[in-house]
Amino acid sequence: MSFRLWFRWIKPRGAEPGFEQHIRNLTGLRPIQLDWYRQALRHSSVADAQHPSNERLEFLGDSVLSMVVADYLFRKFPVKDEGYLTEVRSKMVSRNQMTNIALKMGIDQLLEFNKADVYLSKNAISGNALEAVIGAIYLDRGKDSAHWFIVHKLIQPFLDIEEIEITEFNYKSKLLEWGQKNATQITFRLLEESRMQRNTLFKMVVMVNREEYGFGQDYSKKNAEKKAAKEAFLKLGLSENAHT
């Protein structure tokens, strides 16, 4: 049964009495300090000084997620080299993967955000909220619980590593790998960061030996980098099927 069927819309500021049960259904864990989870599901569009957004928790959760996935892959593939582990980890924790998983888990139904903001995509901010939930679990229950959640609630149910290996080509990692093998300097530079209401638009460029080769913009800095990397990858005439 989908997690989505278990959830109801949460009233602003977490006023719904069943909030704790929602979190238990979502995480498989008993929350201790519910305020961490309320914050994890609160977008900056409805945040204020007394009710902070989930951005700091997202930062923490992203780091915890990357570490746990690295540990999982290191143990699962004892003979694979660093390049393989790095590429698979990058695909597993990509923004697309986190967004898809968040939607399957029903996190979009728990989000508190400004629905009148035309610049907001509920789908896009769901992946960020999932990472924030990981940060909340880490602070509320500790690293062991965060590790358990990521392995048992994210990796095992949703991430088929064999399928991931052949999908979601990682232009950024491949471009950096190409640069290392060909003694070519590849750098990503933030060209512009502009605030639009409560959203930030990032404009990134890829520099190849100090020459601009790719441009990308998005409300996610990671996605802007990916778009810029793809443009540079294609401009350089590199092939997705080639062994660079």
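The values are calculated or read from the model by the stated rules, or taken from the named source; none is laboratory data. If you're wondering where the values come from, they're calculated on a predicted model, not measured in any experiment. Glycine also receives a Cβ, built like all others from the backbone with ideal geometry; neighbour counts cover every protein chain displayed.
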Could you list, in sequence order, the residues of the range 117-128 that are surrounded by fewer than 15 Cβ atoms within 10 Å (Cβ to Cβ) and assigned to a loop (DSSP other than H, G, I, E, B)?
V118, Y119, S121
Answer with yes or no whether L238 is assigned to a helix (DSSP H, G or I) and not basic (K, R).
no
When G179 is run through (1) within 23 Å of the chain's Cα centre (by Cα); (2) part of a helix (DSSP H, G or I), the failure sits at (1)
Please specify each residue of the range 177-221 satisfying the condition of being at pLDDT 90 or above and either aliphatic (A, V, I, L, M) or assigned by TED's automatic domain parsing to the domain that holds L73 (or both).
A183, I186, L190, L191, M204, V205, V206, M207, V208
Reported set for the range 106-116 where residues are crowded, with 16+ Cβ neighbours inside 10 Å and outside any helix (DSSP H, G or I) is G106, L110, L111, E112, F113
Log entry, pairs with first residue in the range 119-144 being assigned by TED's automatic domain parsing to the domain that holds H22 and free of Cβ contacts under 8 Å to residues at least 40 places away in the same chain, second being in a helix (DSSP H, G or I) and among the small types (G, A, S), beta carbons closer than 7 Å, six or more apart or on different chains, reads S126/A102; G127/A102
What are the pairs with Cβ atoms under 7 angstrom where one residue, in the range 149-171, is in the same structural domain as A102 (by TED's automatic domain parsing) and at pLDDT 90 or above and the other, located anywhere, is outside any helix (DSSP H, G or I) and surrounded by 14 or more Cβ atoms within 10 Å (Cβ to Cβ)? Sequence gap at least six, or different chains.
F149/L29
Taking the stated definitions as given, is F149 surrounded by 13 or more Cβ atoms within 10 Å (Cβ to Cβ), of a type outside the set (A, V, I, L, M) and not in a helix (DSSP H, G or I)?
no
Unmet requirement for A129, which otherwise passes all of (1) at pLDDT below 85; (2) on the phi < 0 side of the Ramachandran plot
(1)
Flagged in the range 81-105 as outside any helix (DSSP H, G or I) and surrounded by 14 or more Cβ atoms within 10 Å (Cβ to Cβ), in numbering order, are V93, S94
Anything in the range 22-58 that is surrounded by 13 or more Cβ atoms within 10 Å (Cβ to Cβ), among the polar types (S, T, N, Q) and modelled with pLDDT of 95 or more? List them, or say none.
N25, T27, Q39, S53, N54
For the range 156-173, give me each residue that is surrounded by fewer than 19 Cβ atoms within 10 Å (Cβ to Cβ) and assigned to a helix (DSSP H, G or I).
Q156, P157, F158, I161, E162, E163, I164, E165, S173
Counted residues, the range 74-92 - those being among the hydrophobic types (A, V, I, L, M, F, W, C), touching a helix residue (DSSP H, G or I) at 6+ places or on another chain (Cβ under 8 Å) and free of Cβ contacts under 8 Å to residues at least 24 places away in the same chain:
3
Which count do you get for residues in the range 184-235 that are within 26 Å of N114 (Cβ to Cβ), over 18 Å from the mean Cα position of the chain (by Cα) and outside any strand (DSSP E or B)?
2
